[in-house]
Amino acid sequence: MEVLTSNWSNVQTLPDNYIFPPDRRPGTKKILSSKDIPIINLERINGPERDQIIQQIIKSSEDFGLFQVINHGVSRDLTDQTMAVFKEFFASPAELKAKFYSNDLNSSCRLYTSTLNYENEEVHYWRDNFTHRCHPLEDHIKHWPEKPVNYREVVGKYSIEVRRFLMKILGLICDGMGLETGYLEGEMSKNQLISVNHHIPCPDPSLTLGMPEHSDPNLISMIQQGDICGLQALKDGQWIGIEPIPGAFVVIPGLQLRVISNGKLASIVHRVVTDSKESRTTIGTFLTPSNDILIKPADGLLGSMAPMYRGYTYEEFFSIFIGNNCVAERALECLKL
Ligand SMILES: O=C(O)CCC(=O)C(=O)O
Ligand SMILES: [Fe+2]
């Protein structure tokens, strides 16, 4: 528990075990936010511009592997309330958080520092994370924190609404790629995790990272960023900042979508840097396939193309992912044909 950075106060110097070797440090070079990051406005998705918006989603997913969404249908009230609940959760006394502290992948809620591999890693990431399942709500809500007192009510409502949003995006991706309706529904997107990152102000952001460079292993991810910069994506060999847009959601197609689309949809490599003055809290929501369903390049999309990946279950993928030190790209390499 004493390892949780959210329990530390007044940290003046970066502890040695958070300092990365020079070749893995973000350094002091200023990373600019790019104006090229696609922004999808869903306001008119049910009107005559629908096809055009779908094409924007597909093009952003193909060319960039990340987009931001505005007018997504989840109210600002709810996104603000949910952010406030998580900030309060991380600010609560150590005793209250203690019962959720866990590095065990199988525990229903896990609150930990850096990564689940904290004990064995040489350098730690400057973050606390709180993760739990969300769907179906009635199976999971009983394991969630009871404090803050509105945690279950607010996070429950948020989980339902962001699921609806992500299912809408998956439906539009299906339409846009010409996949049969419903291909990404049901077992393919059954599991839903909320994963909240909290980074306290960092004495020296140039020496450490909030999260390593990675691709998301999921089917699809979304991040509600709050208002502090920190998320960066690797585009054409350069890191660029994903500037927070108030109220927007960042959507990242996961590696499972890359497989299903036979490599057409990209999944951008990203990382998180820390801030010297402000703490940063972000709310991630991930949809993943259920353990047993077969994932493979969709027959309907292949035509005369050869499949790039063999079929596998998410369970198999996940065990390869764990076996490869949680490096999703490396896990996917093992499934390439
Ligand atoms: O916290 C963020 O901004 C990004 C989080 C992320 O990339 C992840 O949890 O996979
Ligand atoms: Fe990520």
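Scan region 184-198 for residues that are farther than 16 Å from Trp144 by Cβ, small (Gly, Ala, Ser) and crowded, with 17+ Cβ neighbours inside 10 Å and jot them down.
If the condition is that a residue be farther than 16 Å from Trp144 by Cβ, small (Gly, Ala, Ser) and crowded, with 17+ Cβ neighbours inside 10 Å, then Ser189 is the only one that fits.
Could you grab me the full set of residues in region 118-139 that are at pLDDT 95 or above and among the hydroxyl-bearing types (Ser, Thr, Tyr)?
Listed by number, the residues that qualify are Tyr125, Thr131.
Looking only at region 218-231, count how many residues are touching a residue at least 60 places away in the same chain (Cβ under 8 Å) and in contact with an Asp or Glu (Cβ under 9 Å, 6 or more places away or on another chain).
Within region 218-231, residues that are touching a residue at least 60 places away in the same chain (Cβ under 8 Å) and in contact with an Asp or Glu (Cβ under 9 Å, 6 or more places away or on another chain) number 1.
Residues of region 250-281 being within 12 Å of ligand 1 (Cβ to nearest atom), among the polar types (S, T, N, Q) and open to solvent by less than 10 Å² (accessible area, probe 1.4 Å), which ones?
Across region 250-281, the qualifying residues are Ser267, Thr281.
Within region 8-25, does at least one residue satisfy the condition of being open to solvent by 20 Å² or more (accessible area, probe 1.4 Å), more than 25 Å from Glu278 (Cα to Cα), of a type outside the set (Lys, Arg) and part of a helix (DSSP H, G or I)?
Yes, because at least one residue in region 8-25 is open to solvent by 20 Å² or more (accessible area, probe 1.4 Å), more than 25 Å from Glu278 (Cα to Cα), of a type outside the set (Lys, Arg) and part of a helix (DSSP H, G or I).
I'm trying to understand the selection: among the residues of region 146-165, which are open to solvent by less than 50 Å² (accessible area, probe 1.4 Å) and either β-branched (Val, Ile, Thr) or free of Cβ contacts under 8 Å to residues at least 24 places away in the same chain (or both)?
Scanning region 146-165 gives Val154, Val155, Gly156, Val162.
Would you check which residues across region 314-332 are under 21 Å from Asn120 (Cα atoms) and out of contact with any Lys or Arg (no Cβ under 9 Å at 6 or more places or on another chain) and list them?
Once the filter is applied, which keeps residues that are under 21 Å from Asn120 (Cα atoms) and out of contact with any Lys or Arg (no Cβ under 9 Å at 6 or more places or on another chain), region 314-332 yields Phe318, Ser319, Ile322, Gly323, Asn325, Cys326, Val327, Ala328, Arg330, Ala331.
For residues that are of a type in the set (D, E, K, R) and over 24 Å from Ser195 (Cα atoms), scanning just region 43-82, find the one that is surrounded by the most Cβ atoms within 10 Å (Cβ to Cβ).
Step by step, filter region 43-82, then rank; the result is Glu62.
Quick test for you: out of Gly182, Gly178, Gly210, Gly186, pick the one residue that is out of contact with any Leu (no Cβ under 6 Å at 6 or more places or on another chain) and within 16 Å of ligand 1 (Cβ to nearest atom).
Gly210
Under 9 Å between Cβ atoms, at least 6 apart or on separate chains: pull out the pairs that start in region 176-204 with a residue that is free of Cβ contacts under 8 Å to residues at least 12 places away in the same chain and end on any residue that is open to solvent by 50 Å² or more (accessible area, probe 1.4 Å) and assigned to a helix (DSSP H, G or I).
Thr181/Asp175
Take the residues in region 83-109 that are among the charged types (D, E, K, R) and under 19 Å from Trp8 (Cα atoms), then tell me which one is surrounded by the fewest Cβ atoms within 10 Å (Cβ to Cβ).
Restricting to residues being among the charged types (D, E, K, R) and under 19 Å from Trp8 (Cα atoms), the top hit is Glu95.
From the residues in region 125-145 that are touching a Cys at 6+ places or on another chain (Cβ under 9 Å) and outside any strand (DSSP E or B), which one is most open to solvent (accessible area, probe 1.4 Å)?
His143
On the basis of being touching a helix residue (DSSP H, G or I) at 6+ places or on another chain (Cβ under 8 Å) and under 17 Å from Glu187 (Cβ atoms), does Ile295 make the cut?
yes
Of all residues in region 249-285 being hydroxyl-bearing (Ser, Thr, Tyr) and within 30 Å of Asn7 (Cα to Cα), which is farthest from ligand 2 (Cβ to nearest atom)?
Ser276
Output yes when any residue across region 293-313 is out of contact with any Lys or Arg (no Cβ under 8 Å at 6 or more places or on another chain), within 14 Å of Leu219 (Cβ to Cβ), assigned to a helix (DSSP H, G or I) and not β-branched (Val, Ile, Thr), and no when none is.
No, the conditions are met nowhere in region 293-313.
May I ask you to list the residues in region 214-249 that are of a type in the set (Gly, Ala, Ser), open to solvent by 20 Å² or more (accessible area, probe 1.4 Å) and either within 12 Å of ligand 1 (Cβ to nearest atom) or touching a helix residue (DSSP H, G or I) at 6+ places or on another chain (Cβ under 7 Å) (or both)?
Hits for region 214-249 are Gly226, Gly247.
Kindly indicate which of Lys97, Lys30, Lys87 is in a loop (DSSP other than H, G, I, E, B) and under 30 Å from Thr208 (Cβ atoms).
Testing whether each residue is in a loop (DSSP other than H, G, I, E, B) and under 30 Å from Thr208 (Cβ atoms) leaves just Lys30.
(1) open to solvent by 80 Å² or more (accessible area, probe 1.4 Å); (2) farther than 22 Å from Val251 by Cα: which one isn't true of Ile39, the others all being true?
With (1) open to solvent by 80 Å² or more (accessible area, probe 1.4 Å); (2) farther than 22 Å from Val251 by Cα applied to Ile39, the lone miss is (2).
Any residue that is within 14 Å of ligand 2 (Cβ to nearest atom) and in contact with a strand residue (DSSP E or B) (Cβ under 6 Å, 6 or more places away or on another chain) - is there at least one of those in region 186-194?
Taking every residue of region 186-194 in turn, at least one turns out to be within 14 Å of ligand 2 (Cβ to nearest atom) and in contact with a strand residue (DSSP E or B) (Cβ under 6 Å, 6 or more places away or on another chain).
The values are calculated or read from the model by the stated rules, or taken from the named source; none is laboratory data. Being a predicted model, the structure only gives us computed values, none of them experimental. We place every Cβ from the backbone using ideal geometry, glycine too, and count neighbours over all the protein chains shown. In case anyone asks, the SASA skips ligands and DNA or RNA and just uses the protein heavy atoms, side chains included. Shrake-Rupley method; radii C 1.70, N 1.55, O 1.52, S 1.80 Å.
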